[in-house]
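Here the structure is laid out as structure tokens; the discussion comes afterwards.
The values are calculated or read from the model by the stated rules, or taken from the named source; none is laboratory data. This is a predicted model, so every value here is computed, not measured. Here Cβ is always computed from backbone atoms with ideal geometry, including for glycine, and neighbour counts include all displayed protein chains. The protein model used for the area step is the full one, side chains on, heavy atoms only, and it has no ligands, DNA or RNA in it. Shrake-Rupley method; radii C 1.70, N 1.55, O 1.52, S 1.80 Å.
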Amino acid sequence: MAEQKQAAPMGERIIELTDIYKIYSDGDSEVRALDGVSLAVNRGEFVAIVGASGSGKSTCMNIIGCLDIPTKGTYMLHGTDVSTMGDYELARVRNKELGFVFQQYNLIPKLNLLENVELPLVYRGLAPEERKRRAMEALERVGLAQRYQKFPSQLSGGQQQRVSIARALAGTPPVILADEPTGALDSKTGKDVLEFLKTLHKDGTTIVLITHDNSIAEQIPRVVRLQDGKILSDVVKEAAVE
């Protein structure tokens, strides 16, 4: 039986994409990486955006993450229209409104764990004492506060990913955007990272996770499937994280 599309549960809207298109021109032809996507995510939701290569999920991630702007359509993030912002404004929004967790961790080798987690707070202009306090709290939350002076090369892949999660949490953003967060990990370590994300969700964090892996998506309470730049299905299944 085909999956049935369901509307997002009512609540405070954090993300609202309305009729979003991302069109790339190639001479006389055009590619519609996103083709009229409308999607709403409410505060406290855990949403997986799933699709094969070429489905549009990476483009969707870039739009949601304010790394790109749509060709057409409106994107409201936490009540602000970001769909027509310039690079400087988008950078400011990314720093304050979004926390990023990437497949390859994106930690800086020459900085220790504390300095890596502090980095987005430096760009925000916080005082050193406040940066350190927030960074240490975030490292404590992921179980790595005792290793704050270590460098990324001294950690396992799973530990590095937890540092990247701490970096995302330190700025207390409304949304965590996780791009294939288990993709570079072995299955056991990937499971541990996913369990930690589930714990963050239960604590009230809003999470949007991008993945091509159906076994990951099956564990997320809401799954949005993309195909050819369109939403194929949008299914809420709260029991998935029990």
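What the table shows:
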item: The stretch 102-242 - percent relative contact order, Cα under 8 Å, separation 6 or more; result: 22 percent
item: Where labels lie 7 Å past Cα in the beta-carbon direction, separation of GLU12 and GLU195 in nm; result: 3.1 nm
item: Extension gain from GLN154 to GLU30, taking 0.36 nm per residue of separation minus the Cα-Cα distance; result: 40.0 nm
item: Those residues of the stretch 25-52 whose amide nitrogen sits under 13 Å from the label point placed on HIS212, 7 Å along Cα→Cβ; result: 50-52
item: DSSP-defined beta bridges in the stretch 114-242 - what % are antiparallel, rounded to 5; result: 55 percent
item: Spatial extent of the chain: Rg and Dmax, with the Cα atoms as the point set, Å; result: 17.9, 58
item: Net charge dipole size for the stretch 1-155 [Lys, Arg +1 and Asp, Glu -1 on Cβ; Debye, nearest 20]; result: 680 debye
item: Per residue, in Å², the accessible surface of the stretch 24-175 once ligands and nucleic acids are set aside, probe 1.4 Å; result: 48 Å²
item: Cα long-axis angle, helix 113-124 against the chain (0 to 90 degrees, to the nearest 10); result: 60 degrees
item: Mean ellipticity per residue at 222 nm, deg cm²/dmol - from DSSP H runs of n ≥ 4 across the chain, formula -39500 (n - 2.57); result: -10000 deg cm²/dmol
item: Chain lengthening between LYS202 and LEU232 when straightened (0.36 nm per residue, less Cα-Cα); result: 8.1 nm
item: Amide H partners (placed H, <5 Å) of VAL175, local residues excluded; result: GLY99
item: Stokes-Einstein D for the stretch 46-131, Kirkwood Rh over Cα pairs, 10 °C, 1.306 mPa s (µm²/s); result: 106 µm²/s
item: Residue-level accessible surface for VAL235, protein heavy atoms, 1.4 Å, Å²; result: 20 Å²
item: Listed residues ASP234, ASP203, ASP35 arranged by accessible area, highest first, probe 1.4 Å; result: ASP203, ASP35, ASP234
item: Nearest 10 degrees, 0 to 90: helix 87-97 Cα axis against the chain principal axis; result: 70 degrees
item: Residue-level accessible surface for ILE69, protein heavy atoms, 1.4 Å, Å²; result: 60 Å²
item: With Cα atoms, 0 to 90° folded angle of helix 187-202 axis to the chain main axis; result: 80 degrees
item: Intensity falloff of the stretch 182-242 expressed as log10 I(q)/I(0), Debye formula with alpha-carbon point scatterers, at q = 0.17, 0.26, 0.29 Å⁻¹; result: -0.62, -1.23, -1.37
item: Integer Hz, Karplus 6.51/-1.76/1.60 couplings in order for the stretch 34-43, x for Gly and Pro; result: 10, 10, x, 7, 10, 8, 10, 10, 9, 4
item: Neighbourhood net charge (14 Å Cβ-Cβ; Lys/Arg +1, Asp/Glu -1) for LEU107; result: +3
item: Net +/- balance of residues flanking SER83 in space, Cβ distance below 13 Å, scoring K and R +1, D and E -1; result: -3
item: Sulfur and carbon atoms: percent of accessible area, the chain [1.4 Å]; result: 48 percent
item: Net +/- balance of residues flanking ALA33 in space, Cβ distance below 13 Å, scoring K and R +1, D and E -1; result: 0
item: Taking the chain and dividing mean pair separation by its residue count, relative contact order in percent (alpha carbons under 8 Å, at least six apart); result: 29 percent
